[in-house]
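Participant: The structure follows.
The values are calculated or read from the model by the stated rules, or taken from the named source; none is laboratory data. Bear in mind the structure is a predicted one, so any value in this text is a computation, not a measurement. Positions of Cβ are generated from backbone atoms using ideal geometry, with glycine treated the same way; all protein chains shown enter the neighbour counts. Side chains included, ligands, DNA and RNA excluded: accessible areas come from the protein's heavy atoms. Shrake-Rupley method; radii C 1.70, N 1.55, O 1.52, S 1.80 Å.
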Amino acid sequence: MAERGGSGVVPLRWSGEALWLLDQRRLPRREAWLRYRSSGAVARAITAMVVRGAPAIGITAAFGLVLAAGALRRRGRAAGLAAWRRRAAVLAAARPTAVNLAWAVRRLEARLAGGAWATAAEARRLLEAEALAAWREDFEANLAMGAHGAALLPARGTVLTHCNAGALATGGYGTALGVIRAARAAGKDIRVLADETRPWLQGARLTAWELARDGIPVTLLADGAAGHHFRQGRIQAVVVGADRIAANGDVANKIGTYTVAVLARQHGVPFYVAAPTSTLDPGTASGDAIPIEERPGEEVTACAGRRVAPPGVPAANPAFDVTPAELVTAIVTERGVLRPPYGAAIRRLLGAAGGE
Ligand code: MRU
């Protein structure tokens, strides 16, 4: 069973035959693993938040594309490829905001187009090797981001984070939490304030769980309490992840991130975004063009499975917001730290790697 740890937490496992996902909806109460054997079921699991976090859903989709290789059987190559692409399109559409789903599909599609294969079994082996490579590279990117980002944090202080950008949201280790982990490993005395992150409570359920397991001091905040803590001078830096970073450096991340960024600017606190280059989307000019996922209002009118709003009252439930590039102090990637102006920095970074 392929596994990639880092702080002992992983969101997925691959057996060669099936994909196993840690059901994040049930954490921290239960560690339940669910088995998936078809790409359609994997797409539904992504939509249902069994697995979440931009890099983690990208890697999950990559293994979903391996499971979709059955479509390449018993048909001519062109018909088989068309059927595989239809399954890929379903995976890519499972959630709209994170660019990592489309990134995974593009990556595995290119492997299929560029690889030598004659049978569905050979194609499946190519796809599997690519999915495993994407997973390994994401994990390694997190370690590199950790090293770059840790250098930005003070020797001692409190860092605010929003949502969960940890091992559970990635191939292991984490982006924002990877930076915090690396800073602690380097001997910095970093404490964490974690926004609870309504309505899915990724901060309360997942970030607090991961950090507590690692023995990193973490205190939970109701989302609305962040401003008070900034005003009291209790926050020295903010580190968050990203679901998509547009060509101009605008950042889409969990709803509430923009509010934190405005507060950080108001209080002169640096606001860092940690994200792998797979989250950069040079094809999207600015945050205005990033599709924002709208989820069911019932996720807001209820809390922990119980309705809290009066019957008949609707709720708006955008899952993400956009933080304008001008509020971002630096973007930490595995290839180094980007500073404004981000348009030029992103072009240089991707150009240097031979990217788009
Ligand atoms: O709705 P979610 O839980 O998938 O949202 C996750 C986030 O917003 C994370 O901050 C982002 O994906 C970065 S994860 C490294």
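Rundown of residues vs (1) farther than 24 Å from residue 166 by Cβ; (2) surrounded by 15 or more Cβ atoms within 10 Å (Cβ to Cβ), yes/no style:
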position	(1), (2)
8	no, no
11	no, yes
31	no, no
54	no, yes
71	yes, yes
81	yes, yes
91	no, yes
97	no, yes
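Participant: Would you check if there is a residue in segment 25-41 being basic (Lys, Arg), closer than 23 Å to residue 252 by Cβ and out of contact with any strand residue (DSSP E or B) (no Cβ under 7 Å at 6 or more places or on another chain)?
Facilitator: The first filter runs over segment 25-41 and keeps only residues basic (Lys, Arg), leaving 25-26, 29-30, 35, 37.
With the extra rule that they be closer than 23 Å to residue 252 by Cβ, the set shrinks to 25.
Narrowing the set further to residues that are out of contact with any strand residue (DSSP E or B) (no Cβ under 7 Å at 6 or more places or on another chain) leaves 25.
There is at least one residue in segment 25-41 that is basic (Lys, Arg), closer than 23 Å to residue 252 by Cβ and out of contact with any strand residue (DSSP E or B) (no Cβ under 7 Å at 6 or more places or on another chain).
Participant: Kindly establish whether residue 256 is within 26 Å of residue 200 (Cα to Cα) and among the small types (Gly, Ala, Ser). Break it down stepwise before answering.
Facilitator: Working: within 26 Å of residue 200 (Cα to Cα): yes; among the small types (Gly, Ala, Ser): yes.
Answer is yes for this residue.
Participant: Within segment 122-138, restricting attention to residues that are in contact (Cβ under 8 Å) with a residue 40 or more places away in the chain and open to solvent by 40 Å² or more (accessible area, probe 1.4 Å), which residue is farthest from the ligand (Cβ to nearest atom)? Break it down stepwise before answering.
Facilitator: Going residue by residue through segment 122-138, those that are in contact (Cβ under 8 Å) with a residue 40 or more places away in the chain are 123-124, 127-128, 130-132, 134-136, 138.
Add one more test, that the residue is open to solvent by 40 Å² or more (accessible area, probe 1.4 Å), and what stays is 124, 128, 132, 136.
On the way: 124: 28, 128: 24, 132: 20, 136: 17 Å.
Restricting to residues being in contact (Cβ under 8 Å) with a residue 40 or more places away in the chain and open to solvent by 40 Å² or more (accessible area, probe 1.4 Å), the top hit is 124.
Participant: Scan segment 290-309 residue by residue and report those that are out of contact with any helix residue (DSSP H, G or I) (no Cβ under 8 Å at 6 or more places or on another chain) and surrounded by 14 or more Cβ atoms within 10 Å (Cβ to Cβ).
Facilitator: Within segment 290-309, the first condition is being out of contact with any helix residue (DSSP H, G or I) (no Cβ under 8 Å at 6 or more places or on another chain), and the residues that meet it are 290-306.
Passing the criteria: 290, 292, 293, 295, 297, 299, 300, 301, 302.
Participant: Out of everything in segment 250-276 that is small (Gly, Ala, Ser) and in contact with a Ser or Thr (Cβ under 9 Å, 6 or more places away or on another chain), what residue ends up being nearest to residue 188 (Cα to Cα)?
Facilitator: Within segment 250-276, the subset small (Gly, Ala, Ser) is 252, 256, 261, 264, 268, 274-275.
Next cut, in contact with a Ser or Thr (Cβ under 9 Å, 6 or more places away or on another chain) only: 252, 256, 261, 264, 274-275.
Values: 252: 29, 256: 27, 261: 24, 264: 21, 274: 18, 275: 21 Å.
Only one residue fits best here, namely 274.
Participant: Further question: Would you call residue 157 in a loop (DSSP other than H, G, I, E, B), more than 9 Å from the ligand (Cβ to nearest atom) and either open to solvent by less than 10 Å² (accessible area, probe 1.4 Å) or in the same structural domain as residue 240 (by the TED database) (or both)? Walk me through how you get there before you give the answer.
Facilitator: Values: in a loop (DSSP other than H, G, I, E, B): no; more than 9 Å from the ligand (Cβ to nearest atom): yes; either open to solvent by less than 10 Å² (accessible area, probe 1.4 Å) or in the same structural domain as residue 240 (by the TED database) (or both): yes.
So residue 157 fails the test.
Participant: Please go through segment 333-347 and give me each residue that is surrounded by 18 or more Cβ atoms within 10 Å (Cβ to Cβ) and under 24 Å from residue 139 (Cα atoms), ordered by number. Please lay out each step first, then the result.
Facilitator: Step one: list which residues in segment 333-347 are surrounded by 18 or more Cβ atoms within 10 Å (Cβ to Cβ), which gives 333-334, 338, 342, 345-346.
Hits for segment 333-347 are 333, 334, 338, 345, 346.
Participant: Is it the case that segment 35-51 has a residue that's open to solvent by 60 Å² or more (accessible area, probe 1.4 Å), more than 17 Å from residue 92 (Cα to Cα), more than 16 Å from the ligand (Cβ to nearest atom) and modelled with pLDDT of 95 or more?
Facilitator: Yes, because at least one residue in segment 35-51 is open to solvent by 60 Å² or more (accessible area, probe 1.4 Å), more than 17 Å from residue 92 (Cα to Cα), more than 16 Å from the ligand (Cβ to nearest atom) and modelled with pLDDT of 95 or more.
Participant: Within segment 223-253, how many residues turn out to be small (Gly, Ala, Ser) and under 23 Å from residue 293 (Cβ atoms)?
Facilitator: The first filter runs over segment 223-253 and keeps only residues small (Gly, Ala, Ser), leaving 224-227, 233, 237, 241-242, 246-247, 249, 252.
Still in the list and also under 23 Å from residue 293 (Cβ atoms): 224, 226, 241-242, 246-247, 249, 252.
The qualifying residues number 8.
Participant: Inside segment 310-332, can you point out the residues that are open to solvent by less than 10 Å² (accessible area, probe 1.4 Å) and more than 23 Å from residue 292 (Cβ to Cβ)?
Facilitator: Across segment 310-332, the qualifying residues are 330, 332.
Participant: Looking only at segment 219-242, count every residue that is of a type in the set (Val, Ile, Thr) and surrounded by fewer than 16 Cβ atoms within 10 Å (Cβ to Cβ) and tell me the total.
Facilitator: To start, the set of residues in segment 219-242 that are of a type in the set (Val, Ile, Thr) comprises 219, 235, 238-240.
Now drop any that are not surrounded by fewer than 16 Cβ atoms within 10 Å (Cβ to Cβ), which leaves 219.
Number satisfying all stated conditions: 1.
Participant: What are the residues in segment 174-197 that are within 15 Å of the ligand (Cβ to nearest atom) and out of contact with any strand residue (DSSP E or B) (no Cβ under 9 Å at 6 or more places or on another chain), if any? Give the derivation first.
Facilitator: So the first thing to find is which residues in segment 174-197 are within 15 Å of the ligand (Cβ to nearest atom), and the list is 174-182, 192, 194-197.
Selection gives 182 alone.
Participant: Return the pairs, sorted by first residue and then second, in which the second residue is of a type in the set (S, T, N, Q) and open to solvent by 20 Å² or more (accessible area, probe 1.4 Å), the first residue lies in segment 254-267 and is at pLDDT below 95, the beta carbons are less than 8 Å apart, and the residues are 6+ apart or on different chains.
Facilitator: Nothing qualifies.
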